[in-house]
Amino acid sequence: RSGVSLMSTWVDKYKPKCLDEVIMDSETRDFFKGYLERGDLCSMTLSGAAGIGKTTLARVLTETLENCDPRYINASDENGIDTVRTKIKNIMDMQSIGGGLKVIILDEADGLTKDGQNCLRNMIETDLEDTMFILTCNDVSKVIDPITSRCPIINISYTLKEAVYRSLEILKSEGIDVSVYAEQAVGIVKQHFTDMRSIIHKLER
């Protein structure tokens, strides 16, 4: 992990840099690998529990894809119709860096107001060739059907075993004797499963 600041938290230090480092089931991983091998993405809605890695996955996908210009918006902070009308529309209207695909990562899209969602629906239905959306949400039932029909839902999940394996990997990387702390680590994973962000914070503490 060269180049990582000594002051970095473990969450930052062990943030996935590629798809193989993102915890998920093998079928979903192969699904995303197919997109990257073809060199394209389609609009999608990543659904799953808080801290499971939806935003991290969205960033990894856009950073791995060549000639991609990702833009990030936190819909829980900017959740009204004005954000959609101005900020998102401006992104859609402007030229992307290098003329590539613009990807709008709309984090916590389930926090958008109904007016904001209806406005977003109209923009998604514009079907621009150089713009796509990756929505993330904890509660997909709060997102209106016309949006999820254009941005199909992909559920992100992983098993307790996979979370434990990743946690022990981190401890080993930090030079910690897992034979001594394995039981304690497993207890932390079980307590906070599936919030991997919280698990790593607790492991560091």
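The values are calculated or read from the model by the stated rules, or taken from the named source; none is laboratory data. Because the structure is predicted, anything quoted here is derived from the model rather than measured. Heads up, the Cβs are rebuilt from the backbone with ideal geometry, glycines too, and the neighbour counts pull from every protein chain shown. The accessibility values were calculated without ligands, DNA or RNA, using every heavy atom of the protein model including side chains. Shrake-Rupley method; radii C 1.70, N 1.55, O 1.52, S 1.80 Å.
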How much accessible area per residue does the range 20-65 have, in Å², with a 1.4 Å probe? 42 Å²
Starting from the Cα of residue 157, step 7 Å along the direction of its Cβ; do the same at residue 122; then give the gap between the two resulting points in nm. 3.7 nm
Anisotropy class of the range 141-205 from Cα gyration tensor, a/c 1.5 cut: prolate
Is the shape of the range 98-144 rounded, prolate or oblate, going by the alpha carbon gyration tensor and its root eigenvalues a ≥ b ≥ c, with a/c under 1.5 for rounded and a/b larger than b/c for prolate? oblate
Taking the Cβ of residue 188 as the center, what net charge do the other residues with Cβ under 13 Å away carry, scoring Lys and Arg +1 and Asp and Glu -1? +2
Among 139-150, 47-58, how do they line up from the highest to the lowest mean number of other beta-carbon atoms within 10 Å? 47-58, 139-150
Relative contact order for the range 91-205, counting Cα pairs under 8 Å that sit 6 or more residues apart, in percent: 21 percent
Please report Rg (one decimal) and Dmax (integer) in Å for the Cα set of the range 35-121. 13.3, 37
What FRET efficiency would be calculated for the residue pair residue 94, residue 115, taking the C-beta separation as r and a Förster radius of 25 Å, to the nearest 0.05? 0.60
Dipole magnitude of the chain about its Cα centre, charges +1 at Lys/Arg Cβ and -1 at Asp/Glu Cβ only, in debye to the nearest 20? 400 debye
With the Cα gyration tensor of the chain giving a ≥ b ≥ c as the square roots of its eigenvalues, does the rule (a/c under 1.5 for rounded; else a/b larger than b/c for prolate; else oblate) give rounded, prolate or oblate? prolate
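Taking the convex hull of the alpha carbon atoms in the range 95-205, what volume per residue do you get, in Å³?
Measuring per residue, one finds 151 Å³ for the Cα hull of the range 95-205.
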So for the chain, averaging the separation of alpha carbon pairs under 8 Å that are six or more residues apart and normalising by length, what relative contact order in percent results? 28 percent
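Ranking request for peptides 67-74, 131-138, 196-203: highest mean number of other beta-carbon atoms within 10 Å first, then the rest in descending order. Provide the component values of the computation, followed by the final result.
Values: 67-74: 16.9, 131-138: 23.4, 196-203: 20.0.
With the highest mean Cβ count within 10 Å placed first, the list reads 131-138, 196-203, 67-74.
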How much length, in nm to one decimal, is gained on full extension between residue 186 and residue 67, taken as 0.36 nm per residue of separation minus their Cα-Cα distance? 38.8 nm
What helices does the chain hold that run 27 Å or longer along their axis, going by alpha-carbon atoms, with a Kyte-Doolittle average of 0.0 or more, using DSSP H for the helix calls? none
